[in-house]
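Working notes, structure below.
Quick note: the coordinates plus some simple rules give every number you see, no bench work behind them. Remember, predicted model here, so these are calculated numbers, not experimental data. FYI the Cβ positions are ideal-geometry reconstructions off the backbone, even for glycines, and counts take in every protein chain you see.
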Amino acid sequence: MGFTFLYVTVKDKAEARRISTHLLQLKLIACANIFPVDSMYWWKGKIMEGKELVLILKTLKNKVVAVRKEIEKIHSYEVPCITEIMVRLNEKYGKWMERQMR
């Protein structure tokens, strides 16, 4: 079974918790990590700068499409960043993740 982490940016802690809780309740992810970041990006022809949070969402490869769909349904951004990161996990952690999403 393959494992994937999704890197997702959000506007604030409330949104980070809302998305993470929603995905955990649906058993689409085993874990979410939340990190504050300073972001710089192009938006509508201007360089923007601001505070965001990054979610690292830990899931199974076969759940990625469903996770993406759920995030897109409830995310506040017009163009959310949902980036897949391929990972290799230690065996114990991989088994733990699988058990959480049953």
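Quick one: order Lys51, Lys61 by neighbouring beta-carbon count within 10 Å, fewest to most.
Details: Lys51 10, Lys61 13.
Starting with the residue having the fewest Cβ neighbours, the order is Lys51, Lys61.
Measuring from label point to label point, each 7 Å out along Cα→Cβ, what is the Val87 to Lys44 span in nm?
Calculated label separation equals 3.5 nm.
Report relative contact order for the range 3-100 in percent, whole number only (criteria: Cα-Cα under 8 Å, sequence separation at least 6). Intermediate values should be presented prior to the final figure.
Working: 157 pairs, mean separation 43.4, N = 98.
Relative contact order here is 44 percent.
Under 11 Å from the Cβ of Asp38, count the other residues' Cβ atoms, weight Lys and Arg +1, Asp and Glu -1, and hand me the total.
For residues surrounding Asp38, the net value is -1.
Would you mind checking the tilt of helix 64-74 against the longest principal axis of the Cα atoms of the chain, expressed as 0 to 90 degrees and rounded to 10?
40 degrees
Suppose the chain between Arg68 and Arg17 were pulled fully straight at 0.36 nm per residue; how much longer would it get relative to their current alpha carbon spacing?
16.7 nm
Spin-label point model (7 Å from Cα, Cβ direction): what's the Arg102 to Lys51 distance in nm?
4.2 nm
Sequence neighbours fewer than 8 away in the same chain don't count; with that in mind, list the lysines whose C-alpha is under 20 Å from Lys44.
Those lysines meeting the cut-off are Lys11.
In Å³ and rounded to a whole number, note down the convex hull volume per residue for the Cα atoms of the range 3-100. Let's see the in-between values first.
Numbers: hull volume 9.6 nm³, N = 98.
Value for the range 3-100: 98 Å³ per residue.
Net charge around Gly2, counting only other residues with Cβ within less than 15 Å of its Cβ (Lys, Arg = +1; Asp, Glu = -1)? List each step's numbers first, then the result.
Numbers: positive: Lys58, Lys61, Lys63, Arg88, Lys95; negative: Glu84, Glu91, Glu98.
Value of the local net charge: +2.
Going by alpha carbons, how many degrees (0 to 90, nearest 10) lie between the helix axis of 13-25 and the longest principal axis of the chain?
Orientation of helix 13-25: about 30 degrees from the principal axis.
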